[in-house]
There are 2 protein chains.
Amino acid sequence: MSSDRTRSAILAAAEKLYADRGFGDVTLRDIVAEANVNLAAVNYHFGSKDELIAELFVTRSLATNRERLNALKLAEEKGGGRAPIDAILHALVGPTLRGCLGPDREGSTAARFMIRASIESVPPIRRIKNREVDHLRKFIAAMRRAMPGRDDADLYWGLHFALAMSHHTIREKERLARLSEGQCDLNDVDAIVDRVVSVSVMALTGGEAPARKAPSKVAAPHGRLTRQDL
Amino acid sequence: MSSDRTRSAILAAAEKLYADRGFGDVTLRDIVAEANVNLAAVNYHFGSKDELIAELFVTRSLATNRERLNALKLAEEKGGGRAPIDAILHALVGPTLRGCLGPDREGSTAARFMIRASIESVPPIRRIKNREVDHLRKFIAAMRRAMPGRDDADLYWGLHFALAMSHHTIREKERLARLSEGQCDLNDVDAIVDRVVSVSVMALTGGEAPARKAPSKVAAPHGRLTRQDL
DNA sequence: GTCTATAGCCTGATAGAC
DNA sequence: GTCTATCAGGCTATAGAC
């Protein structure tokens, strides 16, 4: 009982401090001071600093993955087992973007923690991300059903680019706001999700084999290989 | 004179060790052992560990930026002051991708160092990246000349997505190789550059206002706003 | 089981001799 | 410029109180 209170206090204090000041500037001593517990309690309950960080990240990460898979399942049921490609990509990038940029969660501790995790990518978080690859296969499977003709490599690249755009937007939102001098509205999450989905769909459908040996003007600018030639 | 040799030895040893084992696992004591110099020499020559890392990164980073701007200048001269959009994006993402994935530099110390810098994003490197925003304005200016009709916001988003795809490909190349079980060829740099450029061009030209209030089937999947409505 | 006090070792940084 | 010695602060481990 009392154990749960100490454990929870550590988790809450850690998430708050990491969200506020980042992983680099927060020590275990800062965390135990904020939580009003003893230094050794962290090791007792979590084993190490890294495992504490890992638990924080896994908790938030699992929630996002559940949202993703629910949205995917819903979209496929709605389409009788086959969802349109844009709905699949929407299910993939929507939860992540809304979780970090959403107006409801605007500046919530959880959102700011996940943004920090995205920007600083400390070792325990990297480890988790690296083994968190299985649930992406479910998206590849859904994409394969949506676009039966496409090469698998094209599907993987499409998925990869969709994740690239959403993660990079979260990670570099300050920079983009500054570079564009406010002309890119980073508060309108729905518009951002649509933009990412729209570009991802174009990436997946745009180079749709016009003629094996006649690359489109735009796709083969410098006489290099086009996707169709790979 | 002797100072220069010590300085260079530290730089070389640090870049090698960071490239091999990452920033998290390499201490100053490891570096001075590899360089056969005294521990205090690092602080004497660089001020701090962070400034040593910063110097390593800035050196490689400036070289890439020079390549980028040279390629951009060349493309604009070739077109009489106005380069086609794909050539501009090529100049933007080509040097970065070739510098990290190129077959000539395959596994070179410099390439592996820059990949580490991209993956681990340690504080001194983040600081440099954050203030390294000015030279991107030259690319925005060139893009504005190439696509006079486009909204500035669209140009910024296009630039942002191009960088997103190239950086994410460098950063997650192992993961993509594993996820795709080798079906995505991460050794064919030219093909990757073309793929990134091709998608970026589509992002910039694809949503080209078909009709103000009739969003295309693919761009407005869920009745949300399309780019044209922003 | 839960928690505290304390000691250990490693890190980056620095002062002062040479 | 270079080196030795030492420092403060970080995370971890453990012995023992409750």
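The values are calculated or read from the model by the stated rules, or taken from the named source; none is laboratory data. Everything quoted here is computed from the prediction, not taken from an experiment. Ideal geometry is used to build each Cβ from the backbone, glycine not excepted, and the neighbour counts take in all protein chains shown. Only protein heavy atoms, including side chains, enter the accessible area calculation; ligands, DNA and RNA are left aside. Shrake-Rupley method; radii C 1.70, N 1.55, O 1.52, S 1.80 Å.
The table for this structure:
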item	result
Contacts under 6 angstrom Cβ, first residue in the range A:95-120 being within 14 Å of chain B (Cβ to nearest Cβ), partner assigned to a loop (DSSP other than H, G, I, E, B) and among the aliphatic types (A, V, I, L, M), 6 or more apart	none
The range A:106-133 - residue that is on the phi < 0 side of the Ramachandran plot and not in a helix (DSSP H, G or I) and, of those, surrounded by the most Cβ atoms within 10 Å (Cβ to Cβ)	A:VAL122
Cβ-Cβ under 9 Å pairs, at least 6 apart or on other chains, the range B:32-51 side within 22 Å of B:GLU120 (Cα to Cα), far side more than 9 Å from DNA strand C (Cβ to nearest atom) and not in a helix (DSSP H, G or I)	B:ASP50/B:VAL122
Residues located in the range A:49-65, provided they are more than 14 Å from chain B (Cβ to nearest Cβ) and within 9 Å of DNA strand D (Cβ to nearest atom)	A:GLU51, A:LEU52
Some residue of the range A:14-23 being within 10 Å of DNA strand D (Cβ to nearest atom), within 14 Å of another protein chain (Cβ to nearest Cβ), out of contact with any strand residue (DSSP E or B) (no Cβ under 7 Å at 6 or more places or on another chain) and not hydroxyl-bearing (Ser, Thr, Tyr)	yes
Helices (runs of 4 or more DSSP H) wholly inside the range B:1-96 that include at least 1 residues being touching an Asp or Glu at 6+ places or on another chain (Cβ under 9 Å), away from DNA strand C (no atom under 16 Å from the Cβ) and open to solvent by 30 Å² or more (accessible area, probe 1.4 Å)	B:2-21, B:49-78
Tally of residues being at pLDDT 95 or above and either more than 9 Å from chain B (Cβ to nearest Cβ) or surrounded by 21 or more Cβ atoms within 10 Å (Cβ to Cβ) (or both) across the range A:188-230	14
Flag if A:MET202 is in the same structural domain as A:ARG112 (by TED's automatic domain parsing), in a helix (DSSP H, G or I), touching a residue at least 60 places away in the same chain (Cβ under 8 Å) and of a type in the set (A, V, I, L, M, F, W, C)	no
Selected residue [closer than 21 Å to B:LEU136 by Cα and either among the basic types (Lys, Arg) or in contact with a strand residue (DSSP E or B) (Cβ under 8 Å, 6 or more places away or on another chain) (or both)] from B:ARG29, B:ARG66	B:ARG66
Filter result for A:VAL122 (in contact with a Phe, Trp or Tyr (Cβ under 8 Å, 6 or more places away or on another chain) and over 25 Å from B:ASP154 (Cβ atoms))	yes
Selection status of A:ARG178, basic (Lys, Arg), open to solvent by less than 30 Å² (accessible area, probe 1.4 Å) and either within 7 Å of chain B (Cβ to nearest Cβ) or touching a Phe, Trp or Tyr at 6+ places or on another chain (Cβ under 8 Å) (or both)	no
All positions within the range A:134-168 that are more than 9 Å from chain B (Cβ to nearest Cβ), open to solvent by 10 Å² or more (accessible area, probe 1.4 Å) and within 28 Å of A:ALA111 (Cα to Cα)	A:ASP134, A:HIS135, A:LYS138
